[in-house]
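Step one of this worksheet: look at the structure below.
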Number of protein chains: 2
Amino acid sequence: MRDFSQSNDWLSVNTATVRKSRGQDLPLTDIIEACVRRDIQVISPWRDQVAAVGLNTVSRLVKKYNLKLSGYCRGGMFPAATVAGIQAADADNRQAVDEACELNANCLVLVVGGLPGALAGQAVHKNIAHARDQVLEGIEKLLFYAKSCHMPLAIEPLHPMYAADRACINTLEQALDVCDQLDPGQSGALGVAVDVYHVWWDPKLQQQIERAGQSRLLAFHVCDWLTPTRDLLNDRGMMGDGVIDIPKIRSWVEAQGFQGFSEVEIFSTENWWQKDHSEVLDTCIARHRSVV
Amino acid sequence: MRDFSQSNDWLSVNTATVRKSRGQDLPLTDIIEACVRRDIQVISPWRDQVAAVGLNTVSRLVKKYNLKLSGYCRGGMFPAATVAGIQAADADNRQAVDEACELNANCLVLVVGGLPGALAGQAVHKNIAHARDQVLEGIEKLLFYAKSCHMPLAIEPLHPMYAADRACINTLEQALDVCDQLDPGQSGALGVAVDVYHVWWDPKLQQQIERAGQSRLLAFHVCDWLTPTRDLLNDRGMMGDGVIDIPKIRSWVEAQGFQGFSEVEIFSTENWWQKDHSEVLDTCIARHRSVV
């Protein structure tokens, strides 16, 4: 297993981790400058953060500082209740691919969506199998486009507690079933993002990481599961503060030949987003070196 | 599929559902009287509620009203950090079997436990595989005793969001693997409790219900998954208020020959526990007849 203790070489910061500083929105341009000052050379930005300062601005900074993107967050949200909704999602996803290409991201991360309407609090129907069919169809269409742009798509299985409103792909096994169906040749164009927060509990995790193999392990995300967890979405822990055996999971991923970045992605309304981003980034670096 | 619309014959009320009335603790004796007044003939009580009024008192009421118990909540919590802790859990679980026998319950429900210390906020270790080994050993020991008392044990796979602190058996597949290992002959002494709240998201749910078959389907619990869910533990919804297609899951269970009760189990600090228990029980009856 790689030694992370001496450098930031394999550290990536998902920019949602410092989306807020002292409770206030922090522009992506400031986040990038703060990362560069700390010799963090890899980031994974969110589309809304990019849009807020402009794609061209971000692209210029990425080139200026020779930054890498471990991923781009995010495409997906495929299921919809109407044909127009499906078409809008498809168009938006193609645009996400274009942006990922402009920023030279390693992959576009897919949070595939759940029951239409559920994220707004009122699901249009309860047929999760149908939503899953729409996800499969949506990825199939997007994959055709993404391949033409040479942008790999990384399906991120989300924790089952998000099955209704955010992603109805909820285990690595299920994500790999989709990969097998849509890219049986393991071309590298379609794979998975393994986020320890979403999959740590899975009794089949090691087995499915082995099944994925190097060609399908496109991204590795870290944070920690707190006990208690006070909010389903925004109470993620800093690595080392929770119960996830992160080094063990990393060892499984690296045993398959994964040599990519370890991307820190923490949503934390009450804790980390209340601190100054300098402290958060410094802590990310320290924990990356000591407990990942 | 059975027609629930005309009677309470297949309705069971898990007494945690009316643990509080208008925010105040409601004694199990009052709960039982309120159920009997509404022609609810089946309950599933919790041990702490039984202990609060006395096992003999509850036993007398059960016999007086000819009540049935769809289950008894709960045994489990097997993992521990010390030999003494393991032994204490084993002794407590044997006592739970004895109480279930005294009340003539259909089964003892097992919430198997997670990482030692996690429920109190500080896990002693992060080795969930070890916790799972301890669960297997604990069930094996308890099964020997429970068989001698003719009390079936129902492993309840809990939603993965409880993997750290409440139960490290998190899918029906995983629970059935334990059943296969400890009771390969499918004697009926060991099976599962299928709670829609915990398993509704699982893409392998139908397949695993079919795998379970009648001999291992010992209990069926209902409530609903709300969007948004505001608390990991105590924000369960009333059937019909969330996104779970309950009739579909019931159809899968009944297709295997399950003819047991449909047990309503709702934990709801901010909503249902704030209402008068009369309204809650009346709503359980109405929803049991209309949307389960």
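The values are calculated or read from the model by the stated rules, or taken from the named source; none is laboratory data. Everything numeric here is computed off the predicted structure, so don't read it as measured data. Reconstructed Cβ throughout: ideal geometry from the backbone, glycine too, with neighbour counts over all protein chains shown.
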When you look at A:Val291, is it of a type in the set (A, V, I, L, M, F, W, C) and within 14 Å of chain B (Cβ to nearest Cβ), yes or no? yes
So for the range A:171-179 (the condition being more than 18 Å from the chain's Cα centre (by Cα) and in contact (Cβ under 8 Å) with a residue 40 or more places away in the chain), does at least one residue qualify? no
Got a number for residues in the range B:230-257 being assigned to a loop (DSSP other than H, G, I, E, B), out of contact with any helix residue (DSSP H, G or I) (no Cβ under 6 Å at 6 or more places or on another chain) and surrounded by fewer than 22 Cβ atoms within 10 Å (Cβ to Cβ)? 6
The lone condition B:Cys284 fails out of (1) farther than 24 Å from B:Glu173 by Cα; (2) outside any helix (DSSP H, G or I) is (2)
Could you check the range B:258-269 and list, in sequence order, the residues that are assigned to a loop (DSSP other than H, G, I, E, B) and more than 14 Å from every other protein chain (Cβ to nearest Cβ)? B:Phe258, B:Gln259, B:Gly260, B:Phe261, B:Glu265, B:Ile266, B:Phe267
Search result, residues across the range A:171-185 that are closer than 25 Å to A:Phe144 by Cβ and either assigned to a loop (DSSP other than H, G, I, E, B) or out of contact with any strand residue (DSSP E or B) (no Cβ under 7 Å at 6 or more places or on another chain) (or both): A:Glu173, A:Gln174, A:Asp177, A:Asp180, A:Gln181, A:Asp183, A:Pro184, A:Gly185
Within the range B:108-131, can you find the residues that are within 23 Å of B:Ala154 (Cα to Cα) and more than 9 Å from chain A (Cβ to nearest Cβ)? B:Leu108, B:Val109, B:Leu110, B:Val111, B:Val112, B:Gly113, B:Pro116, B:His130, B:Ala131
Look at the range A:202-216 and say how many of its residues are within 11 Å of chain B (Cβ to nearest Cβ) and either acidic (Asp, Glu) or in contact with a His (Cβ under 8 Å, 6 or more places away or on another chain) (or both). 1
Could you list, in sequence order, all residues of the range A:85-135 that are polar (S, T, N, Q), within 28 Å of A:Leu61 (Cα to Cα) and surrounded by fewer than 21 Cβ atoms within 10 Å (Cβ to Cβ)? A:Gln95, A:Asn104
Report every pair of residues separated by at least 6 positions or lying on different chains whose Cβ atoms are under 8 Å apart, first residue within the range A:135-163 and over 25 Å from B:Ala164 (Cα atoms), second among the aromatic types (Phe, Trp, Tyr). A:Val135/A:Phe78; A:Glu137/A:Phe78; A:Gly138/A:Phe78; A:Ile139/A:Phe78
If you check A:Ala163, A:Ala154, A:Ala175, which single one turns out to be over 22 Å from B:Pro157 (Cβ atoms) and among the small types (Gly, Ala, Ser)? A:Ala154
Could you please let me know if A:Asp202 is surrounded by fewer than 22 Cβ atoms within 10 Å (Cβ to Cβ) and either in contact (Cβ under 8 Å) with a residue 24 or more places away in the chain or of a type in the set (A, V, I, L, M, F, W, C) (or both)? no
Meets criteria (away from chain B (no Cβ under 13 Å) and small (Gly, Ala, Ser)) for A:Ala105: yes
A:Cys149 under 22 Å from A:Arg211 (Cα atoms) and in contact with a helix residue (DSSP H, G or I) (Cβ under 7 Å, 6 or more places away or on another chain): no
Taking the condition of being more than 9 Å from chain B (Cβ to nearest Cβ) and either aliphatic (A, V, I, L, M) or touching a Lys or Arg at 6+ places or on another chain (Cβ under 7 Å) (or both), how many residues in the range A:225-245 meet it? 3
Go through (1) in a strand (DSSP E or B); (2) more than 18 Å from the chain's Cα centre (by Cα) one by one and return the number of the condition B:Ala219 breaks. (2)
Do you know which residues across the range B:149-161 are more than 8 Å from chain A (Cβ to nearest Cβ), more than 14 Å from the chain's Cα centre (by Cα) and not in a loop (DSSP other than H, G, I, E, B)? B:Cys149
Checking the structure you have, find out if any residue of the range A:141-153 is closer than 23 Å to B:Val243 by Cβ and either at pLDDT 95 or above or of a type in the set (Ser, Thr, Tyr) (or both). no
Quick check on A:Ser278: is it part of a helix (DSSP H, G or I), out of contact with any Leu (no Cβ under 8 Å at 6 or more places or on another chain), small (Gly, Ala, Ser) and within 14 Å of another protein chain (Cβ to nearest Cβ)? no
Would you mind telling me which numbered condition in (1) away from chain A (no Cβ under 14 Å); (2) closer than 15 Å to A:Pro203 by Cα; (3) of a type outside the set (Gly, Ala, Ser) B:Leu172 fails? (1)
Specify which of the listed residues (A:Gly191, A:Gly185, A:Gly138) is among the small types (Gly, Ala, Ser), more than 10 Å from chain B (Cβ to nearest Cβ), touching a Phe, Trp or Tyr at 6+ places or on another chain (Cβ under 6 Å) and on the phi < 0 side of the Ramachandran plot. A:Gly138
Would you please name the residue that is nearest to B:Val13 (Cα to Cα), looking only at residues in the range B:227-276 that are more than 19 Å from the chain's Cα centre (by Cα) and hydrophobic (A, V, I, L, M, F, W, C)? B:Val243
